[in-house]
Amino acid sequence: MKHYLETAEAVLAEVQSTKEGLNAAEAAKRLSENGQNKLDEPPKKTLLARFLEQFKNPMILVLLAAAVVSALTGIIAEGKLEADVFIILFVVIANAVLGVYQENKAEAAIEALQAMSAAQSKVYRSGELIVVPSAELVTGDVIAMEAGDNVPADCRILEAAALKAEESALTGESVPCDKDSEALTGTEIPLGDRKNMLYMGSSIAYGRALAVVTATGMQTEMGKIAGAIANAEDDETPLQKSLTQLSKILSIAVLVICLIILGISVLQMFVQNGALTLPGFLNSFMIAVSLAVAAIPEGLAAVVTVVLSIGVTNMSKRGAVIRRLTAVEALGCAQVICSDKTGTLTQNKMTVVEEHTDDKTLLATAMALCCDAQLNADDTVTGEPTEAALVAYANECGCKKYALEAEKPRVAEAPFDSLRKMMSTVHQTENGYVQYTKGAPDEVLRCCTMILENGKVRAMTDADRAEILRQNKEMADKALRVLLAAYRELTMLPDHISPAALEHDLIYIGMTGMIDPVRPEVKDAIGLCRSAGIRPVMITGDHRDTAVAIAKELGILGEGQKALTGAELSEIPDDEFNAHVGDYSVYARVQPEHKVRIVNAWKKQGMTTAMTGDGVNDAPSIKSADIGVGMGITGTDVTKNVADMVLTDDNFATIVGAVEEGRRIYDNIRKAIQFLLSSNLSEVLCILVATIGLGKLTGGSFTIFGPVHLLWINLISDCFPAVALGMEPAEHGIMQRKPRSGNAHIFSDGMGINLLWQGALIAVLTLCSYVIGAQTSPQAGTTMAFLTLSLCEMLHAWNMRSLNGSVFTLEHRNPALLGSILLSFVLTVPVLLIPALRNIFSLTALSGMQYLWAVLIAAVIVPVVELVKAIRRQKNA
C-alpha cells in the first residue's frame, strides 16, 4: 500500500489500528512477530578473522610458500629448519598484526563518533499516552511528536499543526518541509514530496503531529537503504589491484627463474658427472630456493603496511579517520569526487545574506518577534532553521530577541499554515499593540496597502509593488529563500484573533533573502581539486535552482556543463547516460538509487570515483564508490559504517588534504617498490650469472650468496630504508598534476625500465666486487660482494628520494631515511667484523684494501643514477 496516496482513515484500517492506538496485548504480539524497531547491524569480524584476512595478499602467500619450501629443503638436507624460515614467518606475522591493529584502532574511532539514536517515543496505547522505548514500536502504533523530536519509524500523519520536518538526512534538502495529513494524488511521488509522511531518520523542526506507524526496522525507508548497502560488495582499491598484479608477476617470475636455474644446474650435473645424484640435486634445489628468496621482496608487504599506517596517522591529525588502510592511497588517484551538497559543501545552517528595506532595525525586530525560534544567553539560537536564521540576523543587527520580547510581549498570534503561507503575531506596547506579519512575498504583499519610506508611511503604488516583486525575483534567481515582513499598529485587540481579522491593511517593511551558505573553505578546496585534475560533481536532494546557484558560486558548474534532476535522470536509458555522464556536474532532487547510478556511470568510464556525504541517502553511493567519505559530526551511523574514511570535522577541504596525502603515499610506495625490486633483481642476476658460468672462472663454486645472506640484505639493508622512503615529504607540484588512472600499471611512467637498468647496474657492481675478492678465495669474494651489495642498496635508497629530480637539490629533508641508512650500516658492520657472526654467515675477514674496493665500487651507484636522471630531465625539457 502506498500510504501517502490514501486517506488517514484508510491507512488506519490497513494497519488494523485506530486513533486511540493499539492495546498492550496487540502491541506485544506484533513486537514478537515482527521484531524490534531497529536496523540490522552487520556482524563484526572476529579478531581471528581479521588476522587471517591479512594473509589474502598474494605477496604474503608467495612468502609463505617460500618458507615452506625452505623448511622442507632444510629438513631433507640437514635435518633442521634454517634461520630464513623463522625470519620469513616473523615478517609475515608482524605484517598481519600491524594491519589488524590499525583496523581495530580505526573501528574504535568510528564507534566513538557514532551518535545516539532516538531512545524513547510517546505512544497511545488503548487511548492513554505513555512513553516506551523506540525499539518497541510496532506497525499500527499511534505516536505523538513535537518540535525537537526524532521520528522513530516511518509514519502516516493523522493530524498536523503547523508541522515541519527536517529530512536532510534522507532527501538532502536543507530546508525543513511543510507537512500535513491530506492524501496526495498521483502514482509515484518522490520521497521528499510526500507531505503526509514522516520517516525514520528525520526530525520534527516545528509544530506538532499525531501519526500512525506504517513500517519499522528494516522495513522503513532507512532500513531499505541499509539493506542495499549490506548487499553491495567492496571493490579493490587501485593500490590493491597494483599490488595483486605485482604479486602475480613476481610469483610467475620466481617460478620460471627457479625452474630455469634448476634445469641448468641439473643439465650441468649430467654434463660433468653423467648422472643425477641426490646430494647434487639438493644442492641445485638450494640454489633455486636462494633465487626464490632473492626474487621475493620479503619486506614489501610490511613496508606498504607501515607506509599506509603512517599515512593514516597523518590523516587523523588533519581531521580524517581511515577505516581501510588502502583507502587513503586510493584517494590519491581520485579522478571524480561526487559530493552531497547539504552539510558537506554547505553549512546546513540557513543564514540571511541579503535584505531590502528602508529600516533595517524595524525589519530585524519584525522578523525576530514574528517567529518561535529563541535566542539563548550564549547567542546560539534554538528553533526551526529558517526562523533561527531570522533571530540570528536580528541579533547581528543588535536586536536581541529576549530583550525585544521583554519590551513587546506577545499577546496573540495567527500561526503559520501552508495555505496562507504567512504568520502573524500581536505584541503589547506602551501605546497599544503592534502586529507583525511575515511570509511568502507574493502572499503578504497582497495584504499590504502602505509602505514605509524614509521613516514615513505612505500609500503603496503599483510602481512600488512592481519594484518589490522585481527585488523578490532577483533574490529568488540567486536561489535565496525570500520572506517579506509587514506591520500595523492597533489601539486594541480584535474581537476574534484570526488570520482574516489580522492580515489586512499592512505596512510593508522589507524582505530578507536567506540560503544555506557554502562552507568558507570549500571554494578554495574545489579550486585545488580542479588544479589537481579532479572533477567535482554535486549530487543533492535539494531543488535545481538552489543546487545550480551553489554550484556556480563554488565553481563546480563549468562552461558547457549541465544540471539534471532525478526525474530527468530516470527517463535516460543506462547506455545513453553512461556515455554522457561527463556532461553533467550538478544533480538535483535525486533519490538514493540515482546517486548509486551516477557513481557507477563514472566507474564504467574507468574513472576512480569518491563519494562524500552525511545523510542516510548518501550511504548506498558511498558504499558503491571506489572511496566512500562520511561525515563524523553530522553523519548518520549508517553512513559512517560504510565509509572508507570519516571526516571528524565534516570539512570538505580535508578531502583535498587526503588527496595530497594519498598521492604522496603512492609516490613513496612506488619509490619503495622500485628500490626493493631493483635490489632483488640485482640479487637474482648475481646468482644467475654465478650459476651459469662465473663459478667455473672462480674455482667451480656455483653460489655467490646463500639464503641467509639474501634475507639479511632484504630485511636489513633494504627494509629499514624502504620504510623511511615512505616518510618522504610530498614533492613540489604534487597537486598540479593530473591523477593517475586507477588501471595504471605499477611499472608505468618508466618505472619498469628504471628498475631493470638499476638492478643490472647493482648486479654488475656486486659481481665486480666478487671477482676482485675471489682472487683471494671464493669466501672472500662472497664477503666483498655482500658488503658491496649491502652498501650499494643503502646508497641507492638515497637516490630514490626522487624518481626524477636530483637528491642534491631537494628542498625538503628526510631525517628518518638518513637514520635508517645509518641503522642498516651499524647492524651490518658486526656481521663483517665479529668472527662468530662471520661464521654464521659463512663470511671471512677482509684486508683494508678489499674493504676500500668494496666501498668505492658501491659508491658508483649514486653518480650514475644522478647522471641518468639529469639526462632524462634535459630530454623532457
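Got a number for residues in region 516-544 being open to solvent by less than 20 Å² (accessible area, probe 1.4 Å) and more than 19 Å from the chain's Cα centre (by Cα)? Walk me through how you get there before you give the answer.
Our first condition is that a residue be open to solvent by less than 20 Å² (accessible area, probe 1.4 Å); within region 516-544, this holds for 516, 522, 525-526, 529, 532, 534, 536-542.
Among the residues that remain, those that are also more than 19 Å from the chain's Cα centre (by Cα) are: 516, 541-542.
Looking only at that region, the number is 3.
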**Asked** Which pairs have Cβ atoms under 8 Å, sit 6 or more apart or on different chains, and link a residue in region 189-201 that is more than 19 Å from Ala588 (Cα to Cα) and in contact (Cβ under 8 Å) with a residue 12 or more places away in the chain to one that is among the charged types (D, E, K, R) and open to solvent by 20 Å² or more (accessible area, probe 1.4 Å)?
**Response** Asn196/Asp180; Asn196/Glu182; Tyr199/Glu221; Met200/Glu221; Gly201/Glu221
**Residues satisfying the stated conditions in region 352-401, i.e. under 25 Å from Glu503 (Cα atoms), open to solvent by 20 Å² or more (accessible area, probe 1.4 Å) and more than 35 Å from the chain's Cα centre (by Cα)** = Glu355, His356, Thr357, Asp358, Asp359, Lys360, Thr361, Leu362, Asp372, Gln374
**Prompt:** Among the residues of region 422-443 satisfying the criterion of being surrounded by 15 or more Cβ atoms within 10 Å (Cβ to Cβ) and without any contact (Cβ under 8 Å) to a residue 24 or more places away in the chain, which is nearest to the chain's Cα centre (by Cα)?
**Reply:** Glu443
**Request:** Keeping to region 194-221, report how many residues are out of contact with any Ser or Thr (no Cβ under 7 Å at 6 or more places or on another chain) and either among the polar types (S, T, N, Q) or at pLDDT below 80 (or both).
**Result:** 4
**Item:** The listed residue being under 28 Å from Ala392 (Cα atoms), modelled with pLDDT under 90, more than 28 Å from the chain's Cα centre (by Cα) and of a type in the set (A, V, I, L, M, F, W, C), out of Ala486, Ala479
**Value:** Ala479
**Item:** region 740-779, residues that are outside any helix (DSSP H, G or I), open to solvent by 20 Å² or more (accessible area, probe 1.4 Å) and not β-branched (Val, Ile, Thr)
**Value:** Arg740, Ser741, Asn743, Ala744, His745, Phe747, Ser748, Asp749, Gly750, Gln775, Ser777
**Message:** Given the options Ala486, Ala414, name the one that is buried (at least 17 other Cβ atoms within 10 Å of the Cβ), among the aliphatic types (A, V, I, L, M), farther than 16 Å from Glu355 by Cα and in contact with a helix residue (DSSP H, G or I) (Cβ under 6 Å, 6 or more places away or on another chain).
**Reply:** Ala414
**Message:** For region 8-43, give me the residue count where each residue is in a loop (DSSP other than H, G, I, E, B) and either without any contact (Cβ under 8 Å) to a residue 40 or more places away in the chain or more than 43 Å from the chain's Cα centre (by Cα) (or both).
**Reply:** 9
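Picking from Thr782, Thr828, Thr788, which residue would you name as being modelled with pLDDT of 95 or more, out of contact with any Lys or Arg (no Cβ under 8 Å at 6 or more places or on another chain) and assigned to a helix (DSSP H, G or I)?
Thr788
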**Request:** Give the number of residues within region 714-732 that are open to solvent by 30 Å² or more (accessible area, probe 1.4 Å) and closer than 18 Å to Gly805 by Cβ.
**Result:** 5
**Message:** Here's a check for you: in region 374-384, which residue that is touching a residue at least 24 places away in the same chain (Cβ under 8 Å) and in a strand (DSSP E or B) is farthest from Cys177 (Cα to Cα)?
**Reply:** Leu375
**Request:** May I ask you to list pairs of residues, at least six apart or on different chains, whose Cβ atoms are under 9 Å apart, with the first in region 587-607 being at positive phi and the second being of a type in the set (Val, Ile, Thr) and part of a helix (DSSP H, G or I)?
**Result:** Arg589/Thr171
**Prompt:** Do we find a residue being modelled with pLDDT under 75, outside any helix (DSSP H, G or I) and either open to solvent by 80 Å² or more (accessible area, probe 1.4 Å) or charged (D, E, K, R) (or both) anywhere in region 72-80?
**Reply:** yes
**Prompt:** Is there any pair with a first residue in region 132-149 that is farther than 20 Å from Ala160 by Cβ and a second that is of a type in the set (A, V, I, L, M, F, W, C) and assigned to a loop (DSSP other than H, G, I, E, B) whose Cβ atoms are under 7 Å apart and which are 6 or more apart or on different chains, and what are they?
**Reply:** Pro133/Ala119; Ser134/Ala118; Ser134/Ala119; Thr139/Val15
**Asked** Among the residues of region 444-464 satisfying the criterion of being assigned to a loop (DSSP other than H, G, I, E, B) and either of a type in the set (A, V, I, L, M) or without any contact (Cβ under 8 Å) to a residue 24 or more places away in the chain (or both), which is farthest from Asp505 (Cα to Cα)?
**Response** Thr461
**Complete:** Wholly inside region 318-373, strands (runs of 3 or more DSSP E) that include 2 or more residues that are over 21 Å from Met538 (Cα atoms) are 320-322, 351-357
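Conditions (1) over 30 Å from Leu767 (Cα atoms); (2) at pLDDT below 85; (3) crowded, with 23+ Cβ neighbours inside 10 Å; (4) under 14 Å from the mean Cα position of the chain (by Cα), marked per residue:
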{"residue": "Arg589", "(1), (2), (3), (4)": "yes, no, yes, no"}
{"residue": "Glu593", "(1), (2), (3), (4)": "yes, yes, no, no"}
{"residue": "Ile598", "(1), (2), (3), (4)": "yes, no, yes, no"}
{"residue": "Gly606", "(1), (2), (3), (4)": "yes, no, no, no"}
{"residue": "Lys623", "(1), (2), (3), (4)": "yes, yes, yes, yes"}
{"residue": "Val629", "(1), (2), (3), (4)": "yes, no, yes, yes"}
{"residue": "Ile673", "(1), (2), (3), (4)": "no, no, yes, no"}
{"residue": "Ile687", "(1), (2), (3), (4)": "no, yes, yes, no"}
{"residue": "Lys696", "(1), (2), (3), (4)": "no, yes, no, no"}
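For region 824-867: of the residues being within 46 Å of the chain's Cα centre (by Cα) and free of Cβ contacts under 8 Å to residues at least 12 places away in the same chain, which is least open to solvent (accessible area, probe 1.4 Å)? Give the steps one after another, and end with the answer.
Taking region 824-867 first, the residues within 46 Å of the chain's Cα centre (by Cα) are 824-829, 858-867.
The next check asks that each one be free of Cβ contacts under 8 Å to residues at least 12 places away in the same chain; those that pass are 826, 829, 863, 867.
Values: Val826: 90, Val829: 46, Pro863: 79, Leu867: 105 Å².
My answer is Val829.
Could you check region 119-141 and list, in sequence order, the residues that are acidic (Asp, Glu) and either open to solvent by less than 10 Å² (accessible area, probe 1.4 Å) or closer than 30 Å to Val590 by Cα (or both)?
Our first condition is that a residue be acidic (Asp, Glu); within region 119-141, this holds for 128, 136, 141.
Correct list: Asp141 only.
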**Request:** Among the residues of region 334-349, write down those that are surrounded by fewer than 24 Cβ atoms within 10 Å (Cβ to Cβ) and closer than 16 Å to Gly606 by Cβ.
**Result:** Gln335
**Asked** Hey, Arg446 hits all of (1) open to solvent by less than 60 Å² (accessible area, probe 1.4 Å); (2) under 30 Å from Glu474 (Cβ atoms); (3) of a type outside the set (S, T, N, Q) but one; which does it fall short on?
**Response** (1)
**Request:** Evaluate region 474-481: report whether one residue or more is in a helix (DSSP H, G or I) and open to solvent by 10 Å² or more (accessible area, probe 1.4 Å).
**Result:** yes
**Message:** Step by step: first the residues of region 489-515, then only those that are assigned to a loop (DSSP other than H, G, I, E, B) and within 22 Å of Arg458 (Cα to Cα), then the one that is nearest to the chain's Cα centre (by Cα). Which residue is that?
**Reply:** Glu503
**Message:** For the list (1) over 29 Å from Thr346 (Cα atoms); (2) of a type outside the set (A, V, I, L, M); (3) free of Cβ contacts under 8 Å to residues at least 60 places away in the same chain; (4) not in a helix (DSSP H, G or I), I need the number of the one condition that Glu467 fails.
**Reply:** (4)
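The values are calculated or read from the model by the stated rules, or taken from the named source; none is laboratory data. Being a predicted model, the structure only gives us computed values, none of them experimental. Quick reminder, even Gly has a Cβ in these numbers, built from the backbone with ideal geometry, and neighbours come from all protein chains shown. These area figures cover heavy atoms from the full protein model, side chains too; ligands, DNA and RNA do not enter into them. Shrake-Rupley method; radii C 1.70, N 1.55, O 1.52, S 1.80 Å.
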